[in-house]
Amino acid sequence: GAPISLNDVTRFYRQGGAQVPALVDVTLDVRAGETVAVVGPSGSGKSTLLHVIGGIDRPDSGTVMVGGTRVEQLSRRAAAAFRRGVGFVFQHYHLLPQLSALDNVVVPLMPIQVRFDRHERARELLDAVGLGDRASARVADLSGGEQQRVAIARALVARPKLLLADEPTGALDSRTGDEVLDLLAQVQADYGMTLVLATHEAAVAAQCSRLISLRDGTVVADHALWDPQPDE
Ligand code: ADP
Ligand code: ADP
């Protein structure tokens, strides 16, 4: 897993004529292999925090270090390369609905040079998320829970050291959500990634090793729930 270190991170958004703070002086460290839940009400800055860590969004000030990379200093091109080494899972899957499950999982491998067979790797990941038998199904024909499994397989196919999940169970009924969460916990353990997960569901947060609470863009609480086994 990749360790994460944020120092005094601030991010504003322009809304009409006003500057709205999404993150204000956020300082935090995450150890390699931790499973962190980021909780807080809607608008508290959870998504922005994940975007800043993942190199999707650049802070206005402060430093963001992920696995030895100064993320906020990267050029546009270097940031794109950095993001290819991060797994992202979103609430609404963001899959290509007209393509097969397998083709969706292969997508992140297309722009990179690999020494293995891309489709074979994608098949392995679909097996790992329990969808080996649905590889050729069109994503649009899959259930929500199956689609999120495809999205998890896609997020993992390039073997990221960091997985960022933004409300990964938010669009699912509670039973399907629990299954997706169990899967995330299992792959996190199997692949030894650092996992940062934004959620407003207490049951989801309770499964993580650490709980960081945001309110109005600041960290208002930070608790260890159990001791993780860092992989490096
Ligand atoms: P959460 O994920 O906790 O709901 P967000 O990080 O999405 O919080 O949002 C934090 C604050 O930043 C909110 O006030 C939100 O409206 C604002 N915000 C987030 N993204 C944008 C954006 N792209 N443009 C303008 N304001 C934004
Ligand atoms: P999801 O539920 O799929 O995460 P959200 O509704 O939280 O979607 O946010 C979708 C996108 O819109 C995010 O990238 C977020 O940063 C952005 N966003 C959030 N609030 C605002 C806002 N007030 N103005 C513009 N963009 C926003």
- request: Extending each Cα 7 Å along its Cβ direction at Tyr13 and Ser143, get the distance between those two points in nm, one decimal.
  value: 3.3 nm
- prompt: Quick one: helix 118-128 against the long Cα principal axis of the chain, what's the angle to the nearest 10°, folded into 0 to 90?
  reply: 80 degrees
- line: Kirkwood Rh for the chain from C-alpha pairs, in Å, is 18.0 Å
- prompt: What's the angle, to the nearest 10 degrees (0 to 90), between helix 174-191's Cα axis and the longest principal axis of the chain?
  reply: 90 degrees
query: What's the long-distance tail for segment 37-106, i.e. % of Cα pairs beyond 22 Å?
result: 35 percent
message: Using 0.36 nm times the number of residues separating Ala202 and Asp133, minus their current alpha carbon distance, what extension gain do you get?
response: 21.6 nm
message: Please report the spacing between the Cα centers of segment 176-221 and segment 23-82 in Å, no decimals.
response: 16 Å
- prompt: For the Cα atoms of the chain, what angle does the longest principal axis make with the long axis of helix 144-156, in degrees from 0 to 90, nearest 10?
  reply: 80 degrees
query: What translational D, rounded to a whole number of µm²/s, comes out for segment 118-232 from Stokes-Einstein when the hydrodynamic radius is the Kirkwood one over Cα pairs, at 20 °C and 1.002 mPa s?
result: 141 µm²/s
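Using 0.36 nm per residue, how much length does the chain from Thr63 to Met110 gain when fully extended, once their Cα-Cα distance is taken away? Each step should come with its number before you reach the end.
Working: separation 47, 0.36 × 47 = 16.92 nm, distance 3.07 nm.
So the chain would gain 13.8 nm between Thr63 and Met110.
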task: Sum -39500 (n - 2.57) across every DSSP H segment of at least 4 residues in the chain, then divide by the residue count to get the 222 nm mean residue ellipticity, nearest 500.
output: -8500 deg cm²/dmol
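Bear in mind these aren't lab numbers, they're just calculated from the coordinates by the rules spelled out. Only a predicted model underlies this, so the values are computations on that prediction, with no experimental measurement involved. With ideal geometry, Cβ positions are generated from the backbone for all residues, glycine too; neighbour counts draw on all protein chains shown.
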